[in-house]
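Take a look at the structure set out below.
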Amino acid sequence: MIIGNGLMATTFNEFSADDSVVIFASGVSNSLETSNEKYEREKKLLRRTIENIDSNSTIVYFSTCSIFDSSLNDTPYIIHKKEIEKYISNNVSNYIIFRLPSVISHSNNPNTLINFLFNKIKREESFQLHSNAFRYLIDIEDVYLIISPILKKKVSTNSILNIALSSPIRVIDIVKFFENIIGKKSKCELTNKGARYNVNNTELLSLLPKIGFNNPSSDYYETAIYKYFKNKIIQYDI
């Protein structure tokens, strides 16, 4: 069963007819969201979903690796994600929570970090950048290739799994990569904010051989970004 219709819902569409797995993909996707109304809407939908499903079904929720970023501790988005994680852990018999990094995909959602940086640089618009900020990234196809077999083989249940494949990258280095492939300098104003944070991925790495997923190459981030944005660059240039 799928709850939602966005990127995650589309990615895991094969589970739409499987009532033993409930993919809750109708959460707040904008990490900069400040509207309490939208967070409350997600909480209410989650509660209704839990009340109406079979107790043997597994609830799947997507949280964020940014929970470990100390510079974001007080933001509404992170506070909300922590509350939801706690609620599910305390009220659901069968669940698995996947904490995801910033996802790279064909999505045109302007609120994602990657799309935001690309659009600002391509349009030659000014923006502020936290000089000390780091992020983990992941290809949406790898999100599917990792999570789908975990759900099918039930190799991890009633747990919170950090989906971090590689080391974090400085956001300013993502900007530099976009500058190189777009051929334009960014108009970013650096501010002395942000922090490097580490995500414990020991459990994930132990699971990867069981699901047949190979460890990523050293240029994983750059390859994934180029894969999804090369056509967008061509479209802009036409």
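Numerical summary
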read-out: Mean separation of Cα contacts under 8 Å (6+ apart) over length of region 2-237, as relative contact order %; value: 20
read-out: Distance histogram for region 115-220 (every C-alpha pair counted, 10 angstrom bins, percent rounded to whole numbers); value: 13, 36, 27, 18, 5
read-out: DSSP beta bridges in the chain [antiparallel fraction, %, rounded to 5]; value: 10
read-out: Values of log10 I(q)/I(0), in the order q = 0.11, 0.18 Å⁻¹, for region 2-237 under a Debye, Cα-only, solvent-free model; value: -0.59, -1.50
read-out: Longest DSSP-loop-exposure-free segment, GluC sites (Glu not before Pro), the chain, at most 12 other Cβ within 10 Å; value: 1-123
read-out: 5 angstrom amide H check on T64, placed H, neighbours 5+ away; value: L100
read-out: Least to most buried among T202, T64, T49 (fewest other Cβ within 10 Å first); value: T202, T49, T64
read-out: Helix-derived mean residue ellipticity, 222 nm - over the chain, DSSP H n ≥ 4, -39500 (n - 2.57), to 500; value: -13500 deg cm²/dmol
read-out: Modelled label reach - S35, point 7 Å along Cα→Cβ, region 84-119 residues with backbone N closer than 20 Å; value: 84, 108-113, 116
read-out: Cα-based Kirkwood hydrodynamic radius, region 1-129, one decimal, Å; value: 15.9
read-out: Loop-located trypsin sites (Lys or Arg not before Pro) in region 79-129 whose Cβ has at most 16 other Cβ within 10 Å (DSSP); value: R123
read-out: S16 paired with R196, simple spin-label distance in nm, labels 7 Å along Cα-to-beta-carbon; value: 4.4
read-out: Two-decimal Rg/Rh across region 17-72, once Rg and the Kirkwood Rh are taken from alpha-carbon atoms; value: 1.04
read-out: Order of F213, F134 - criterion: other Cβ atoms within 10 Å of each residue's Cβ, fewest first; value: F213, F134
read-out: Normalised contact order of region 103-223, rounded percent, pairs of Cα under 8 Å and 6 or more residues apart; value: 38
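Since every read-out is calculated from the coordinates, none of them should be taken as a lab result. Here the structure is a predicted model, which is why all the values come from computation and not from measurement. Because the Cβ atoms are built from the backbone with ideal geometry, glycine has one as well, and the counts that use them run over all protein chains shown.
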